[in-house]
Amino acid sequence: MKKFFFLFCLILSLSAAAETKTVQMLEGGIKGGFTTPLGSYHHSKGEISMMLGIEGRYNFKDTPISAGLILELTSACHKFDMGKYYKTQNNRTLIFAAVGEYNFRQGHKVNPYGAVALGFGSNDIVGDKVYDADDSCLLFSPRIGVEFLYHIRLETGINICRIGFNNYYISLGFVIGGRPKKR
C-alpha cells in the first residue's frame, strides 16, 4: 500500500504544469499484467497470478476527462496448506465496468492519470476448489497510471469485489487512438 501511495504522489507532482491539448475523441487498447490477492482467504498464502483486459474510452473535447468501458479477467490465487500437501485455488473474476479517468497531461508524451471503475464482477474458481465461492458482485476499482508516447500505458490498481477475490494488479498496455489532433 505504501508503494501505491508513493506512486500516486509521484504522479500528482508530475502534473504540476498540467495542460490539456485537443486529442482524438476515441481510443482503445489491450493490457496484460500480474495480480496478487489483497489479504488472506481462509488462512491462505497469496500467489502471483495474471490478468488480461480490453478497454475503450471517449475523450471529452477540451477537457482532461475521459469515460469508457472495460472488460478484464483478473485472478486472486491462494495457496492452502493441507498438512502433507498444498492446494492452489485460483479465484477468477470477469469484470465488466464503466471507467472514468482524469488525465493530468493529456496530449503530452508522458500523461499521468487517475481513474475509477464501477461495475459488475462474475466470480468463479479455476483449478483446485478448496472453498466454494462462485457468484457475482459489484466492483469498485481505483487505479492510477502513466501513458507514455501516446501508446504505452503502465497502470496499477486494486479490484474490490468480494473477500478472496479482491486483488492488486500492475499491467502494461498498448493503446490506439487518443493522440493529439493535428492543427
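The values are calculated or read from the model by the stated rules, or taken from the named source; none is laboratory data. Quick caveat: nothing in here was measured; it's all calculated off a predicted structure. Cβ atoms come from the backbone with ideal geometry, glycine included; neighbour counts cover every protein chain shown.
Observations on the model:
- Gly107 fulfils the conditions (1) surrounded by fewer than 21 Cβ atoms within 10 Å (Cβ to Cβ); (2) in a strand (DSSP E or B) except for a single criterion, (2).
- Any hit, segment 141-152, residues being within 16 Å of Ile65 (Cα to Cα) and surrounded by fewer than 16 Cβ atoms within 10 Å (Cβ to Cβ): yes
- The residues on offer are Thr88, Thr74, and the sole one that is in contact with an Asp or Glu (Cβ under 8 Å, 6 or more places away or on another chain), surrounded by 14 or more Cβ atoms within 10 Å (Cβ to Cβ) and either hydroxyl-bearing (Ser, Thr, Tyr) or not in a strand (DSSP E or B) (or both) is Thr88.
- Residues of segment 169-180 satisfying the condition of being surrounded by fewer than 20 Cβ atoms within 10 Å (Cβ to Cβ) and either of a type in the set (Lys, Arg) or more than 19 Å from Gln106 (Cα to Cα) (or both): Ile170, Arg179
- Pair list, Cβ < 7 Å and 6+ apart or interchain, from segment 80-93 residues that are free of Cβ contacts under 8 Å to residues at least 24 places away in the same chain to residues that are part of a strand (DSSP E or B) and β-branched (Val, Ile, Thr): none
- For the criterion of being under 22 Å from Leu26 (Cβ atoms) and either under 14 Å from the mean Cα position of the chain (by Cα) or buried (at least 20 other Cβ atoms within 10 Å of the Cβ) (or both), Asn59 passes.
- Among the residues making up segment 34-46, those that are surrounded by fewer than 18 Cβ atoms within 10 Å (Cβ to Cβ) and not in a loop (DSSP other than H, G, I, E, B) are Phe34, Thr36, Lys45.
- Inside segment 105-152, residues that are of a type in the set (Asp, Glu) and modelled with pLDDT of 90 or more make up a count of 1.
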